[in-house]
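Here's the structure we're looking at; comments come further down.
The values are calculated or read from the model by the stated rules, or taken from the named source; none is laboratory data. Bear in mind the structure is a predicted one, so any value in this text is a computation, not a measurement. Backbone-built Cβ (ideal geometry, glycine too); neighbour counts: all protein chains shown. These accessible areas exclude ligands, DNA and RNA; they are computed on the full protein's heavy atoms, side chains included. Shrake-Rupley method; radii C 1.70, N 1.55, O 1.52, S 1.80 Å.
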Amino acid sequence: MSSPGPAKIPQHVAIIMDGNGRWAKARGLPRLEGHRRGVETVRTVVDAAREIGIRYITLYAFSAENWKRPADEVSGLMGLLDYFLKRELDNLIKNRVRLLTIGRAEALPANVQRELNRVIEATKDFQEWTLVLALNYGSRTEVADAARAYAAAVQAGAEKLADASWENFNRYLYTGAAGIPEPDLLIRTSGEQRVSNFLLLQCAYAEMVFTSVLWPDFGKADLQAAVDEYGRRERRYGLTTEQIKSGPA
Ligand code: IPE
Ligand code: IPE
Ligand code: MG
């Protein structure tokens, strides 16, 4: 029997941070208290991801559909985002983590956009670690935005219709345009087993791990457990196990 190789570490982990509301409800607290605790988890998980060696971590923080929540919850979430960005700037710089966003950031409140731009600018030269915040993000909106940009490029003569391909289209997605690789591992907390309009195309071959842990309770050991589970999976991309075992043709 061959000895096990080095543990496989996913290069990019995407997380659907879910369960803040249920965490609060279980304690008789307002939903916003769950979100507040969820922000603490973000710091823990970003630090843990670096310690594990995960180069890209994408967090689904606010979906395009989340605007439909009660107005006080939406404004509370925006306030927390502003607080998070102000508080984390020093930590991100100290740990050399670059911040990127995906989603229609232009619809976020002006003060949040200002903070975002400040942190993005201050961390833009870091190359080793990347934190991507999905803000006002929806996969279908992303595809619509990409299709529009691609069509405009064809109209302007920068792209040829005859060259239309996944590889070329991908460069117009928020992720492709920012040079963010596809997620290797998608984690969703809180027991829900759905993707909720998150990175639908980019997760075409992502391994998925669903955990019943609520986001405010999620910690380094839970992230490590998901990475371990990822390490036990065989990614076949349509090939057979035998082909995978015999290595690249
Ligand atoms: C996830 O927690 C945070 C956001 C969607 C912003 P939820 O607020 O969705 O928590 P549950 O699903 O109601 O428990
Ligand atoms: C997905 O969670 C969005 C975020 C984690 C930001 P939701 O709680 O909004 O998803 P649904 O409504 O349960 O599908
Ligand atoms: Mg939810």
When residue 224 is run through (1) more than 16 Å from ligand 1 (Cβ to nearest atom); (2) free of Cβ contacts under 8 Å to residues at least 40 places away in the same chain, the failure sits at (2)
Reported set for region 24-51 where residues are crowded, with 19+ Cβ neighbours inside 10 Å and away from ligand 3 (no atom under 16 Å from the Cβ) is 45, 46, 48, 49
Filtering region 6-28 down to residues that are within 16 Å of ligand 2 (Cβ to nearest atom) and closer than 19 Å to residue 231 by Cα yields 13, 14, 15
Exactly one of 54, 9 is over 15 Å from the mean Cα position of the chain (by Cα) and in a loop (DSSP other than H, G, I, E, B), and that residue is 9
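Quick check: anything in region 29-37 in contact with a strand residue (DSSP E or B) (Cβ under 7 Å, 6 or more places away or on another chain), more than 13 Å from ligand 2 (Cβ to nearest atom) and closer than 20 Å to residue 191 by Cβ?
no
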By residue number, the members of region 147-163 that are of a type in the set (A, V, I, L, M) and free of Cβ contacts under 8 Å to residues at least 12 places away in the same chain are 151, 152, 154, 156, 158, 161, 162
Only one of (1) modelled with pLDDT under 95; (2) not in a loop (DSSP other than H, G, I, E, B) does not apply to residue 44, and that is (1)
Scanning region 208-221 for residues that are touching a residue at least 40 places away in the same chain (Cβ under 8 Å) and not basic (Lys, Arg) gives 213, 214, 215, 216, 217, 218, 219
Within region 72-112, the residues that are over 25 Å from residue 44 (Cβ atoms) and away from ligand 1 (no atom under 14 Å from the Cβ) are 104, 106, 107, 109, 110, 111
The one condition residue 67 fails out of (1) more than 16 Å from residue 134 (Cβ to Cβ); (2) open to solvent by 80 Å² or more (accessible area, probe 1.4 Å) is (1)
Within region 191-221, residues in contact with a strand residue (DSSP E or B) (Cβ under 9 Å, 6 or more places away or on another chain), among the polar types (S, T, N, Q) and surrounded by fewer than 22 Cβ atoms within 10 Å (Cβ to Cβ) come out as 193, 196, 197, 211
Listed by range, helices (runs of 4 or more DSSP H) wholly within region 94-204 having at least 1 residues that are closer than 30 Å to residue 19 by Cα are 110-123, 139-155, 174-178
Listed by first then second residue, the pairs whose first member lies in region 234-247 and is in contact (Cβ under 8 Å) with a residue 12 or more places away in the chain, whose partner is open to solvent by 100 Å² or more (accessible area, probe 1.4 Å), with beta carbons under 9 Å and at least 6 positions apart or on separate chains, are 235/205; 237/205
